[in-house]
Amino acid sequence: MLLAEKLKEYANRPDVIVLALLRGGLPVGIEIARKLNLPLDILIVRKLGVPGEPEVALGAIASGGIRVLNEDLLSYIDIPREIVEAITEHERKELERRERVYRGHRPAPDIHGRTVILVDDGMATGATMCSAVEALKQQQPARIIIAVPVAAKSTCAEFNAQDGIVTCVCLETPESFYAVGLWYKQFPQLTDEDVHELLDNMPKQQPASVKNNGSL
C-alpha cells in the first residue's frame, strides 16, 4: 500500500497508534496498521452534510462534544442556523448510537503522549478531519499525522500550514476536487455488519521479535 510506504518511519514503534475514522477510514486504517505492525483503534466523527448534497460538509462533530463548522460555506449557501442545529442534533444521536454499537464496553485508547496516525478515505473540505483533530488534541498526543489517499489540495495545505503537532500525508491532491467518492472506482458504504467484521479482526501490535518476518 503506497500510503503505508509514506509512513514507514513509524513502523513497529510502541508509541504510535493508528486511529481510523468510521466508517470509511476503517479499511484504509487496517491496511496501514498491518503494513506498519501498529495497533489500530477507531474514532467516531459525524459529518454535518448540506441538505440535498450530503457529500458536502458544512461541519462535523466528534466524541467529546466537539463541533467544527465551515463558516465560509455557511455564509456562502446561507443555511439558517436552526437547520444547522437540527442537522447537528440528528448526527449527534447517530454518533452516540455508533459509540454504543461499535465500541461497547471496550475502553477508548490512551493517546496521551503518543503519536497518532489519523486515517480516513479522503478529505474534501476537511471539516470532518478538523473535528477529529480537535477531539484528539484534548487528550494531548505528542503528534497527529493525518493520512489519507486523496484530498483537496487546499485542504491538505491548510493542515500542513498549521503550527503545532499536526501534519498531513496524502497520496493525491487533485486541483479540481468535489467529493471523495468520485476518486474511487468502487466506493461502497460500509454497513454495521461490515464494521463489526472488520473490528473483530483489528490488528494488534506484534512484539518486535516477530515483526512481519522482516517483510516491511
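The values are calculated or read from the model by the stated rules, or taken from the named source; none is laboratory data. If you're wondering where the values come from, they're calculated on a predicted model, not measured in any experiment. We place every Cβ from the backbone using ideal geometry, glycine too, and count neighbours over all the protein chains shown.
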Self-check item: All positions within segment 95-125 that are touching a Cys at 6+ places or on another chain (Cβ under 9 Å) and farther than 19 Å from residue 66 by Cβ
Solution: 122
Quiz item: Is there a residue being modelled with pLDDT of 85 or more and in contact with a Phe, Trp or Tyr (Cβ under 8 Å, 6 or more places away or on another chain) anywhere in segment 18-25?
Solution: no
Quiz item: What's the number of the condition residue 75 fails, among (1) in contact (Cβ under 8 Å) with a residue 12 or more places away in the chain; (2) outside any loop (DSSP other than H, G, I, E, B); (3) surrounded by fewer than 11 Cβ atoms within 10 Å (Cβ to Cβ)?
Solution: (1)
Quiz item: Of the residues 68, 45, 116, which is closer than 16 Å to residue 133 by Cα, assigned to a strand (DSSP E or B) and at pLDDT 95 or above?
Solution: 116
Quiz item: Within segment 112-150, can you find the residues that are over 21 Å from residue 15 (Cα atoms) and either in contact with a His (Cβ under 6 Å, 6 or more places away or on another chain) or hydroxyl-bearing (Ser, Thr, Tyr) (or both)?
Solution: 125, 128, 131
Quiz item: Residues 53, 31, 96, 91: which one is of a type in the set (Asp, Glu), out of contact with any strand residue (DSSP E or B) (no Cβ under 6 Å at 6 or more places or on another chain) and either closer than 28 Å to residue 9 by Cβ or buried (at least 16 other Cβ atoms within 10 Å of the Cβ) (or both)?
Solution: 31
Quiz prompt | Criterion violated by residue 171 - all others in (1) surrounded by fewer than 17 Cβ atoms within 10 Å (Cβ to Cβ); (2) in a helix (DSSP H, G or I); (3) touching a strand residue (DSSP E or B) at 6+ places or on another chain (Cβ under 6 Å); (4) among the hydrophobic types (A, V, I, L, M, F, W, C) satisfied | solution = (2)
Self-check item: Long-range neighbours under 7 Å by Cβ, at least six apart or interchain, first residue touching a residue at least 12 places away in the same chain (Cβ under 8 Å) within segment 1-25, second among the small types (Gly, Ala, Ser) and surrounded by 15 or more Cβ atoms within 10 Å (Cβ to Cβ)
Solution: 3/147; 7/147; 18/29; 18/33; 20/29; 21/132
